[in-house]
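K.L.:
Supplied in structure tokens, the structure appears directly below.
Bear in mind that the values in this text are calculations on the coordinates, not laboratory data. This is a predicted model, so every value here is computed, not measured. Glycine also receives a Cβ, built like all others from the backbone with ideal geometry; neighbour counts cover every protein chain displayed.
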Amino acid sequence: MRLITFTRLGSTTPEIGARLALPAGDRILPFADVARLDCQASFPSSMKAFLNAGAGVMSKAQQWVLKAITQYSELLIDADSIAYLPPMMDAEKFLCVGKNYRTHLEELKRTNLIKEIPQEPTSFIKLNSCLSGHNAKVIRPKGITKLDYEPELVFVIGKRALGAQKDEAMSYVAGVTILNDLTCRDLQLKEVASGSRFWTGKNIPGFGPLGPEIVTIDEIPDVYNLWMTCSVNGQERMRVNTQDQIWKISDILEHFSRFIPIEAGDMFSTGAPGGVAVGKDNADEFYLKPGDVVECSIEGITTLRTTIVEPT
């Protein structure tokens, strides 16, 4: 399934549903409408509640999607009549694993953003307040000139994990999505120099485009063999395989669940691949500018689109 959080045009109420790719164009199956039709009065209304409800609710939604054309066609709405929100808006924990692609580590070393390679997974917190959805317009703040792109594979947890072992890690994963971990290098370089770990340059409002959907794990053939790509204005800037990751989701989940429970709806972003602007000799030519359209993809599976705009 392709699970989304959205609002209908003219509404400010978030809903959850599934995106269906049909020959006539994308359609959205709103779960709330199907639940009313099927007299499922207590069906979850948010993505976190949906995942917390467990396998039975996930199975019910899968059945609805399978029957969408034959039984629920009158409930389908055109994808052009919705606004995408971040598929998970209120994760208790959104942990971003850094320094996790070998190619990116080389870039960071060349630019003095790191001094040594970590011996275990490290992370920082991505705040919910910085998240934005697919097709969002993200403001580049005044005075910021070094805005960078970072497409990252995100794992969304589907059930509570405490003391998870590597060999069972995938049983905790509900699906994957994409984060464009937009980074203000102007601020990041200052924070690195001062020793700060808050990462203001990654948590500015809008600087967390997420989505467009959570692709359930049954639709991903091999999470360790996916091509992550990024293009700006139609020109490809990077293309790196997840095989280049140092820490796999099995390592990450085992490490972070040793003492702290990881809950349904929590997310792990697994790091930026090599190819970001800051790693290039002529970086200033590649930093994002107002008017740029950025597309981050899990190749052949899903694409997240963002437009950079001036402050109003």
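K.L.:
Taking R0 as 35 Å, what FRET efficiency do you get between Ile260 and Lys142 from their Cβ-Cβ distance, rounded to the nearest 0.05?
P.N.:
With a Förster radius of 35 Å, E is 0.35.
K.L.:
Also: To make sure I understand, if each residue's beta carbon is the centre and we count other beta carbons within 10 Å, what order do Leu288, Leu51 fall in, fewest to most? Can you show the working numbers first?
P.N.:
Details: Leu288 22, Leu51 25.
Least crowded to most crowded, the residues run Leu288, Leu51.
K.L.:
What order do you get for Arg27, Arg8 when you list them from fewest to most C-beta neighbours inside 10 Å? Intermediate results must be reported in sequence, preceding the final value.
P.N.:
Working: Arg27 20, Arg8 14.
Result, fewest neighbours first: Arg8, Arg27.
K.L.:
Taking the Cβ of each residue in His134, His255 as the centre, tally the other Cβ atoms inside 10 Å and list the residues starting with the fewest. Each step should come with its number before you reach the end.
P.N.:
On the way: His134 24, His255 16.
Ascending number of Cβ neighbours within 10 Å: His255, His134.
K.L.:
Taking a threshold of 27 Å on the Cα-Cα distance, which of the pairs Lys166/Lys202; Lys48/Lys142; Lys67/Lys166; Lys60/Lys137; Lys142/Lys190 fall above it? Each step should come with its number before you reach the end.
P.N.:
Working: Lys166/Lys202 29 Å; Lys48/Lys142 34 Å; Lys67/Lys166 36 Å; Lys60/Lys137 34 Å; Lys142/Lys190 17 Å.
Flagged as over cut-off: Lys166/Lys202; Lys48/Lys142; Lys67/Lys166; Lys60/Lys137.
K.L.:
While we're here: Quote the FRET efficiency, to the nearest 0.05, computed for Leu37 versus Lys159 with a Förster distance R0 of 35 Å and r equal to the Cβ-Cβ distance. Provide the component values of the computation, followed by the final result.
P.N.:
Values: r = 28 Å, r/R0 = 0.80.
Between Leu37 and Lys159 the formula returns 0.80.
K.L.:
Also, I was wondering about something else. Starting from the Cα of Lys248, draw a straight line to each of the aspartates and glutamates and keep only those under 17 Å, dropping any in the same chain fewer than 8 residues away.
P.N.:
Output for Lys248: Glu120, Glu152, Asp167, Glu168, Asp222, Asp266.
K.L.:
Given the Cα-Cα distance of Thr70 and Ala55 and 0.36 nm per residue of separation, how much length would full extension add, in nm?
P.N.:
Numbers: separation 15, 0.36 × 15 = 5.40 nm, distance 2.38 nm.
Difference between extended and current length: 3.0 nm.
K.L.:
If Lys and Arg each add +1 and Asp and Glu each add -1, what is the summed charge of the other residues whose beta carbon sits under 15 Å from the beta carbon of Glu15?
P.N.:
Details: positive: Arg2, Arg8, Arg19, Arg27, Arg36, Lys48; negative: Asp33, Asp78, Asp90, Glu213.
Taking every other residue near Glu15 into account, the sum is +2.
K.L.:
Checking the a/c ratio against 1.5 first, then a/b against b/c, what shape does the Cα gyration tensor give for segment 2-85?
P.N.:
Working: a/c = 1.62, a/b = 1.18, b/c = 1.38.
It comes out oblate by the Cα gyration axes.
K.L.:
How much of the DSSP bridge set in the chain is antiparallel, in percent, rounded to the nearest 5?
P.N.:
Working: 57 of 66 bridges.
Rounded to the nearest five, the antiparallel share is 85 percent.
K.L.:
Now, a different point. Helix-only estimate, please: 222 nm mean residue ellipticity of the chain, summing -39500 (n - 2.57) across DSSP H runs of length 4 or more and dividing by its residues, to the nearest 500. Write out the running numbers ahead of the final one.
P.N.:
On the way: 7 runs with 56 residues, N = 312.
About -5000 deg cm²/dmol.
K.L.:
Here's a follow-up. Would you look at the GNM of the chain, springs on alpha carbons closer than 10 Å, and say which of Gln165, Gln188, Gln71 moves the most?
P.N.:
Gln71
K.L.:
Here's another thing I want to ask about it. With r as the distance between the Cβ atoms of Glu106 and Ser46 and R0 = 30 Å, compute the FRET efficiency 1/(1 + (r/R0)^6) and round to 0.05.
P.N.:
Numbers: r = 40 Å, r/R0 = 1.35.
That gives a FRET efficiency of 0.15.
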